[in-house]
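For reference, the structure discussed in these notes is given below.
Coordinate-derived values only; no laboratory data. Remember, predicted model here, so these are calculated numbers, not experimental data. FYI the Cβ positions are ideal-geometry reconstructions off the backbone, even for glycines, and counts take in every protein chain you see.
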Amino acid sequence: MDTIAAIATPPGVAAIAIVRISGEDTLKVLEKVFVRKKGKGRPPSHKVILGYIVDPETHSVIDEVLLTFMKSPRSYTGEDMAEISCHGGKLVPKLVLRAVLKAGARLAEPGEFTKRAFLNGKMDLIRARGVLEIIEAETEKAVLLARERLLGHTSEKLAELRENYLSFLKDLEARIDFEEDVPQISEDYIGKKLQELRENLENLIKTGEANRYYFEGARIAILGKPNVGKSTLFNDLLGQERAIVTEEAGTTRDIISESVIWNGIPLTLYDTAGVREAEGKVESIGIERALELSKRADLRLLLIDCSSPLTSEDMRLLETVEKPRIIVLNKIDLGEKIKPGDIEGETVVEVSALKGTGVSELRQKIMEFLERPEVTGTIAFTRREGELLREALRELKEGTERWMEGFPLDILSFHVRKSLEKLELLLGISDIPEETLSRIFSEFCIGK
């Protein structure tokens, strides 16, 4: 691969900044820009050397620096790599980087150093994501979960599950390919192995999904027809007046969002346009965005005005708004024509957003959903990773059902292998499309 470079530290005034270089021509670049203060020759690997960065064209000194060269494969990326510790500030790091680029390196893309570490086998995809997550962590729990991923503890559990899959597939496929030479596999053995794999997947999903909110955050959408108090409740939950509140229906025409941290979990609350038959193009766009956001939210708060009987608009929302959700009966201060018992099979909370009554109880219900006190462990998965695990579970269940219906072992083997493929995608073991990789690593900062 070609040689890349970038500033690895945040911009702004600071004592020190770091410029990173990685690639097969790292030493050639250093020969053009680095001059030792004492001695000559190429810098030794994993030693800190004092010297100067010079402009490769004019040879004028830019800054006094400390250089650390790391010989392949003993580096972060697995390639020849160098880190230049120069003085911080608004200009000096840029001048050092410019000199390095003049010497033949190119500017790295976001996350390209970690992407190369992944492609060179220095880390799997879970650990690579852990790098980003520990950088972006906003709470101590998020740091703990990201550290587990970065250190490889999460990957170890997935690798152990993968070995169980491979062992089971070996037995199945040996029987399929060499039926005359390999003894028949008992139904008890097959049933037991399928149950073990299913339970392992279910436990990973349960724990990983519950913990992901700590480092990935949760999206909570407040939905309802116009003038049911969505903006007032939004302000109540934030503890400040962020949304405009009037008695006029349809005041909120677009999505308003605000971030908070509750009990160590980063939340983004969304106040949305009231859902009804739109009275204009602007309102129509706002309603479309509200419904689209509802699909992407982790939890929905569906507000209903309990001071009036259920309307056709309320019923339509009850039918269309996805779960998980909490039904919020608002305006209890104006009388209750709808009671919690009128809405069966739902989590229902009664509030008066105007008076603030019941808001603390609503917050408690939200945290019960997010914190999952019954879940223990330090495994966490992103939304994408959780979906891959669910796809693996669906394939395994489908294979189990077909086997129990009497289909031959090759059909079961097909579904077990498809399930395994999802697990390997999670770890980055199987081939991942370049577009997918680029999307994953584009979330990183430049220099990481």
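Calculate the dipole size of the chain relative to its Cα centre from +1 charges on Lys and Arg beta carbons and -1 charges on Asp and Glu beta carbons; express the result in debye to the nearest 20. Please list the in-between numbers first.
On the way: 65 positive and 77 negative charges, 486 e Å.
For the chain, the charge dipole is close to 2340 debye.
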(request) Would you mind calculating the gained length between Ser186 and Leu66 on full extension (0.36 nm times residue separation, minus the Cα-Cα distance), in nm to one decimal? (result) 36.7 nm
(message) Longer than 26 Å from Cα to Cα, which of Lys141/Lys206; Lys295/Lys337; Lys37/Lys102; Lys141/Lys225; Lys71/Lys141 are they? Say none if no pair is.
(response) Lys295/Lys337; Lys141/Lys225; Lys71/Lys141
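Rounded, prolate or oblate: which one fits the range 350-448, using the alpha carbon gyration tensor with axes a ≥ b ≥ c (rounded when a/c is under 1.5, else prolate when a/b beats b/c, else oblate)?
The shape class here is oblate.
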(message) Under a crude label model (7 Å from the Cα following the beta-carbon direction), how far is Ser360 from Leu50 in nanometres?
(response) 6.2 nm
(request) Sticking with the crude label model, points 7 Å out along Cα→Cβ, report the distance from Ser438 to Glu258 in nm, one decimal please. (result) 3.9 nm
(message) Could you derive backbone 3J(HN,Hα) for the range 350-362 from the dihedral phi with the Karplus parameters 6.51, -1.76 and 1.60 (θ = phi - 60°), listing whole Hz in sequence and x where the residue is Gly or Pro?
(response) 9, 9, 10, 4, 5, 8, x, 5, x, 5, 5, 5, 5
(message) Please list 3J(HN,Hα) in residue order for the range 112-128, calculated via the Karplus relation 6.51 cos²θ - 1.76 cosθ + 1.60 where θ = phi - 60°; whole Hz, with x for glycine and proline.
(response) 5, 5, 5, 4, 5, 4, 5, 5, 8, x, 7, 7, 8, 5, 5, 5, 4
(message) Test of understanding: what is the full-extension gain from Met1 to Ile176, defined as 0.36 nm times their sequence separation minus their Cα-Cα distance?
(response) 58.7 nm
(request) Quick one: which residues, 5 or more positions from Leu267 or on another chain, have an amide H under 5 Å from its amide H? H modelled 1.01 Å from N in the peptide plane, none for Pro or chain starts. (result) Ala218, Val260, Ile261, Trp262
(message) So for the chain, averaging the separation of alpha carbon pairs under 8 Å that are six or more residues apart and normalising by length, what relative contact order in percent results?
(response) 16 percent
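Calculate, for Leu318 and Arg36, the FRET efficiency according to 1/(1 + (r/R0)^6) with r their C-beta to C-beta distance and R0 56 Å; round to the nearest 0.05.
Numbers: r = 73 Å, r/R0 = 1.31.
E(calc), rounded to 0.05, equals 0.15.
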(message) Place a point 7 Å from Cα of Val143 in the direction of its Cβ. Which residues in the range 2-25 have their backbone N less than 18 Å from it?
(response) 10
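Label the range 323-369 by shape, choosing from rounded, prolate and oblate, from the square roots a ≥ b ≥ c of the eigenvalues of the Cα gyration tensor; if a/c is under 1.5 it is rounded, and otherwise prolate applies when a/b is larger than b/c, oblate when it is not.
Values: a/c = 2.80, a/b = 1.16, b/c = 2.41.
It comes out oblate by the Cα gyration axes.
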(message) At q = 0.06, 0.10, 0.11, 0.12 Å⁻¹, what log₁₀ I(q)/I(0) does the chain have when each alpha carbon counts as one equal point scatterer in the Debye sum?
(response) -0.41, -0.92, -1.00, -1.06
(request) Find how much the distance from Lys295 to Met404 grows on full extension, using 0.36 nm per residue of separation minus their present alpha carbon separation; answer in nm with one decimal. (result) 35.8 nm
(message) Taking the 0 to 90 degree range and rounding to the nearest ten, how far is the long axis of helix 140-150 tilted relative to the main principal axis of the chain, both from C-alpha atoms?
(response) 60 degrees
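Where the only charges are on Cβ atoms (+1 Lys, Arg; -1 Asp, Glu), what is the dipole of the range 9-89 about its Cα centre, to the nearest 20 debye? Mind dumping the intermediate values first?
Working: 11 positive and 10 negative charges, 90 e Å.
Charge dipole, the range 9-89, about its Cα centre: 440 debye, nearest 20.
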(message) Which one, Ile134, Leu27, Pro10, projects farthest toward the positive side of the charge dipole computed for the range 1-159 from Cβ point charges (K/R +1, D/E -1)?
(response) Leu27
(request) Mind giving me the nanometre distance, one decimal, between the label points for Arg98 and Glu199, set 7 Å out from Cα along Cα→Cβ? (result) 6.5 nm
(request) Measure out, as a whole number of angstrom, how far apart the alpha-carbon centroids of the range 48-71 and the range 80-138 sit. (result) 18 Å
(request) Could you point to the residue in Ser442, Val416, Gly41 farthest towards the positive end of the chain's charge dipole, with +1 and -1 charges on the Cβ of Lys/Arg and Asp/Glu respectively? (result) Gly41
(request) Grab the beta carbon distance between Leu310 and Glu368, set R0 = 22 Å, and tell me the FRET efficiency rounded to 0.05. (result) 0.30
(request) Compute the Rg/Rh shape ratio of the range 1-144: radius of gyration over Kirkwood radius, all on alpha-carbon atoms. (result) 0.99
(message) Taking the number of other C-beta atoms within 10 Å as the exposure measure, put Glu140, Glu421 in order starting with the fewest.
(response) Glu140, Glu421
(message) Amide H of Ile16 versus every other amide H placed in the peptide plane: which residues, excluding those fewer than 5 positions away on the same chain, fall under 5 Å?
(response) Gly88
(request) Can you run the Rg to Rh ratio on the range 89-228? Use alpha carbon positions and the Kirkwood inverse-distance Rh. (result) 1.19
(message) What are the ³J(HN,Hα) couplings of the range 396-405, residue after residue, when phi is run through the Karplus curve with 6.51, -1.76, 1.60 and θ = phi - 60°? Round to Hz, x for glycine and proline.
(response) 5, 5, 5, x, 4, 4, 5, 4, 5, 7
(request) Place +1 on the Cβ of every Lys and Arg and -1 on the Cβ of every Asp and Glu in the range 310-448, take the dipole about the Cα centre, and give the residue among Val348, Asn330, Ala380 whose Cα lies farthest towards its positive end. (result) Asn330
